[in-house]
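Below you'll find the structure, written out as C-alpha coordinates, and then a few comments.
The values are calculated or read from the model by the stated rules, or taken from the named source; none is laboratory data. Note that the structure is a prediction, hence the values are computed from the model and not measured. Note that each Cβ is placed from the backbone with ideal geometry, even for glycine, and that neighbours are counted across all protein chains shown. Ligands, DNA and RNA are excluded from the accessible area calculation, which covers all protein heavy atoms including side chains. Shrake-Rupley method; radii C 1.70, N 1.55, O 1.52, S 1.80 Å.
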Amino acid sequence: MPPSTHARAAELHKLAAHAHAAAAVAHDKGDHLTAHELSQRAHEYSVQAHQHSVALHQQGEASGSAA
(Lines give C-alpha, C1' and ligand atoms only; values in the text may rest on other atoms or scores of the structure.)
Protein backbone atom coordinates (compact mmCIF):
# COMPACT_ATOMS: atom_id res chain seq x y z
CA MET A 1 0.00 0.00 0.00
CA PRO A 2 1.43 3.40 -0.88
CA PRO A 3 2.07 5.78 2.04
CA SER A 4 -0.46 8.26 0.62
CA THR A 5 -3.33 5.96 1.61
CA HIS A 6 -2.30 6.29 5.25
CA ALA A 7 -1.65 10.01 4.86
CA ARG A 8 -5.39 10.64 4.49
CA ALA A 9 -6.12 8.96 7.82
CA ALA A 10 -3.35 10.98 9.44
CA GLU A 11 -4.73 14.18 7.89
CA LEU A 12 -8.20 13.43 9.29
CA HIS A 13 -6.73 12.82 12.75
CA LYS A 14 -4.89 16.16 12.56
CA LEU A 15 -8.07 17.95 11.49
CA ALA A 16 -9.89 16.40 14.45
CA ALA A 17 -7.14 17.50 16.83
CA HIS A 18 -7.23 21.03 15.45
CA ALA A 19 -11.01 21.19 15.78
CA HIS A 20 -10.77 19.95 19.39
CA ALA A 21 -8.18 22.63 20.19
CA ALA A 22 -10.29 25.33 18.56
CA ALA A 23 -13.34 24.12 20.50
CA ALA A 24 -11.39 24.41 23.75
CA VAL A 25 -10.41 28.00 22.91
CA ALA A 26 -14.00 28.89 22.03
CA HIS A 27 -15.25 27.29 25.24
CA ASP A 28 -12.70 29.22 27.30
CA LYS A 29 -13.95 32.43 25.68
CA GLY A 30 -17.50 31.57 26.65
CA ASP A 31 -18.61 30.90 23.05
CA HIS A 32 -20.31 27.63 23.84
CA LEU A 33 -22.27 27.38 20.58
CA THR A 34 -19.10 27.60 18.50
CA ALA A 35 -17.34 25.20 20.88
CA HIS A 36 -20.18 22.71 20.44
CA GLU A 37 -20.09 23.02 16.64
CA LEU A 38 -16.32 22.55 16.61
CA SER A 39 -16.60 19.54 18.89
CA GLN A 40 -19.12 18.00 16.50
CA ARG A 41 -16.76 18.66 13.58
CA ALA A 42 -13.90 17.06 15.52
CA HIS A 43 -16.05 14.01 16.17
CA GLU A 44 -16.95 13.77 12.47
CA TYR A 45 -13.27 13.93 11.48
CA SER A 46 -12.44 11.27 14.07
CA VAL A 47 -15.14 8.97 12.76
CA GLN A 48 -13.96 9.49 9.18
CA ALA A 49 -10.37 8.75 10.20
CA HIS A 50 -11.48 5.56 11.94
CA GLN A 51 -13.55 4.45 8.95
CA HIS A 52 -10.64 5.16 6.61
CA SER A 53 -8.25 3.20 8.82
CA VAL A 54 -10.63 0.24 9.01
CA ALA A 55 -11.01 0.27 5.22
CA LEU A 56 -7.22 0.29 4.82
CA HIS A 57 -6.93 -2.61 7.24
CA GLN A 58 -9.58 -4.60 5.38
CA GLN A 59 -7.84 -3.91 2.06
CA GLY A 60 -4.59 -5.13 3.56
CA GLU A 61 -6.21 -8.32 4.78
CA ALA A 62 -7.88 -8.85 1.41
CA SER A 63 -4.55 -8.50 -0.39
CA GLY A 64 -2.95 -10.98 1.99
CA SER A 65 -0.67 -8.55 3.81
CA ALA A 66 -0.68 -7.97 7.56
CA ALA A 67 -1.73 -4.34 8.01
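To keep it simple, each residue is scored yes or no on (1) loosely packed, with under 13 Cβ neighbours inside 10 Å; (2) touching a helix residue (DSSP H, G or I) at 6+ places or on another chain (Cβ under 7 Å); (3) in a loop (DSSP other than H, G, I, E, B); (4) at pLDDT 95 or above.
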residue	(1), (2), (3), (4)
1	yes, yes, yes, no
4	yes, no, no, no
14	yes, no, no, yes
26	no, yes, no, yes
40	yes, no, no, yes
54	yes, no, no, no
57	yes, no, no, no
67	no, yes, yes, no
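Search the stretch 12-36 for residues that are free of Cβ contacts under 8 Å to residues at least 40 places away in the same chain and under 22 Å from residue 52 (Cα atoms) and pair each with any residue that is assigned to a helix (DSSP H, G or I) and open to solvent by 70 Å² or more (accessible area, probe 1.4 Å) when their beta-carbon atoms are under 8 Å apart and the residues are at least 6 apart or on different chains.
Note: pairs meeting the criteria are 16/43; 19/41.
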